[in-house]
Structure formats: C-alpha cells, structure tokens
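The values are calculated or read from the model by the stated rules, or taken from the named source; none is laboratory data. Computed from a prediction, not measured in an experiment: that's the story for all the values here. Note that each Cβ is placed from the backbone with ideal geometry, even for glycine, and that neighbours are counted across all protein chains shown.
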Ligand SMILES: C[S@@+](CC[C@H](N)C(=O)[O-])C[C@H]1O[C@@H](n2cnc3c(N)ncnc32)[C@H](O)[C@@H]1O
C-alpha cells in the first residue's frame, strides 16, 4: 500500500482528515457548483479518504446517480463506505485502487472525477492526472483541489509556527513532493496534454491560534515519522515543540493564523462534435 505516503494511517489521522474535510466543505461545494454537479451524475472521488466528500457528492447526485470512492488504503475506504451505507447513501461504492500503479481507474467513465489533496502525495502527478482524465466521460469534468503550503503563517509571528512550517516544508520537499501543488494545477493539466484549465478557485482560511491551530499540531504529528527518518527533528524535540505550541495557543489565542491555500482547477472533456473537432 503506497509505501511512500508521507502521512500516518491511524484513527487520529483519519479524524484529522474528517475535521479538515468539514473545514473545506464550502470551498468544495463551490467547485461542484462551478461544474453544475447535479442529480443522476456518476462520480469518482479519487483518494477519497474517510468519505466526507463522497457524502457531499451523494447528496447532490441523489439515488439516480452513483458515487464511487477509490483509495489505496482499504481500511479508511471500507470504514467510509460502511458509514455511507448505514446513513442512507446506498448509491455509493468503494474500490481499493493504487492511483500510482499505472492501471486505468476502475468504474469509469464518470461525469465527474474529483481528487482533493491527493496529487500533492503523488510522485508522478502528471501521470496520475492523465489517468484521471482518461476516466472522464465525454462532456464530463475533471476537478482537482490541492494545497499550496506557502501561506502557512501567524501574525504576530510565533517561533512554534515557524518551526512547524520549516519542518513540514522540508519533510514534504525532501520526500519528493511539491508543496506548491495547488498553484501548479493548471500546469499539470498542460503537462498531461489536457490543455488549459476552464476555471480555477482559490480558497483560504484565516483562523486564530485557538480555532485553527489544531491543523498544524495534527499535521506535525502525522509527518513526524517521516521528519524523524529524514533527520529533520527528533521525538524529544517534537514533544518540546508541542509544549511550546500549546503554550503559545493559550497565551496568544487570537493571533491570526493562515492555513494553506486550497486551490481548485477544472476542465470539461469535449463531447460530440467538439470531440471530433479536437
Ligand atoms: C490527505 S488525504 C485526502 C483525503 C480526501 N481526498 C480528502 O480531501 O479528505 C490523501 C488520501 O490519498 C490516499 N492516497 C495516497 N496515495 C494514494 C495512491 N497511490 N492511490 C490512491 N490513493 C492514495 C490516501 O490514502 C488518503 O486517503
């Protein structure tokens, strides 16, 4: 299972993904509005994680549509599907798939292929974009959403946030990942020979230490094994960082904390005569 994944796979990380998904729900609904996702559509959530976006899609497409989730992590996907089925979303399914394995995406073609915070983790994102595009039906959309980490910061500045940013950026970069993947999405479309994006969306969250600091603490926890392996920190140094960060949160609860940008880009696949003319 994707041995080079930069994050942990445990219950705490899955809960972080759920909280993060709830925070980005308005931005996700906005891009679904842009591509007019509606009843009856056949959708793919690539790298679906705990399935909160599958639920959003399932609400929109209704029982006449279908939502398929794929993820390399069978545990997270099986749990997501069980919850969806138990809460009335019987038009969902899940299939274990490694998007980097080079095989076509199963279950297509889809009216919507969506991947959020997934390309960031791919070592050859252009190939994955090509594979996702191949799974889009004529007239359907590919929608990608990903982070640009450059905005991670706090005002007034705090050493603990600086340290988190420095370790996180170095860990992802040294692992061969692009911390500006979101910014690069339109270029990835071009590099995958899809052409220019039809539209883009940039979403940010300006939080406070009190309301939004949890994301930084939990991402640091999740990348800790990687950061330790790369020699960027040690476990004792992390625990000492955590105490400092907790103290900063108590002493400066209203400091303004900027999350990474969540950047979206989408493209419609030509259909009918347009396809023939392309
Ligand atoms: C940061 S999480 C995002 C989850 C979800 N898309 C969301 O936005 O809440 C990245 C997801 O991509 C999945 N993933 C990582 N590498 C993968 C691969 N090679 N093939 C399929 N899924 C992969 C992980 O298991 C994880 O669920």
Restricted to segment 55-75 and to residues being near the ligand (Cβ under 10 Å from one of its atoms) and either in contact with a helix residue (DSSP H, G or I) (Cβ under 6 Å, 6 or more places away or on another chain) or not in a helix (DSSP H, G or I) (or both), the residue nearest to residue 27 (Cα to Cα) is 69
Condition set within 12 Å of the chain's Cα centre (by Cα) and closer than 15 Å to residue 197 by Cα, scope segment 130-147, selection nearest to the ligand (Cβ to nearest atom): answer is 145
Margin query: I'd like to check something: does segment 132-149 contain any residue that is at positive phi, surrounded by fewer than 22 Cβ atoms within 10 Å (Cβ to Cβ) and not in a loop (DSSP other than H, G, I, E, B)?
Written below: yes
Examine segment 153-163 for a residue that is within 14 Å of the chain's Cα centre (by Cα) and modelled with pLDDT of 95 or more, and state whether such a residue exists.
-> no
Among the residues of segment 218-245, the number that are under 17 Å from residue 160 (Cα atoms) and touching a residue at least 12 places away in the same chain (Cβ under 8 Å) is 15
Restricted to segment 94-111 and to residues being away from the ligand (no atom under 13 Å from the Cβ) and within 20 Å of the chain's Cα centre (by Cα), the residue nearest to residue 41 (Cα to Cα) is 111
With the first residue restricted to segment 36-64 and required to be surrounded by fewer than 21 Cβ atoms within 10 Å (Cβ to Cβ), and the second required to be in a strand (DSSP E or B), Cβ contacts under 6 Å at 6 or more apart or on different chains are 42/66; 42/110; 42/111
Filter segment 76-104 for residues that are closer than 15 Å to residue 121 by Cβ and in contact with a helix residue (DSSP H, G or I) (Cβ under 8 Å, 6 or more places away or on another chain); the one that is surrounded by the most Cβ atoms within 10 Å (Cβ to Cβ) is 99
task = Considering every residue within segment 9-30, establish whether at least one is within 13 Å of the ligand (Cβ to nearest atom), touching a residue at least 60 places away in the same chain (Cβ under 8 Å), outside any helix (DSSP H, G or I) and in contact with a strand residue (DSSP E or B) (Cβ under 8 Å, 6 or more places away or on another chain).
result = yes
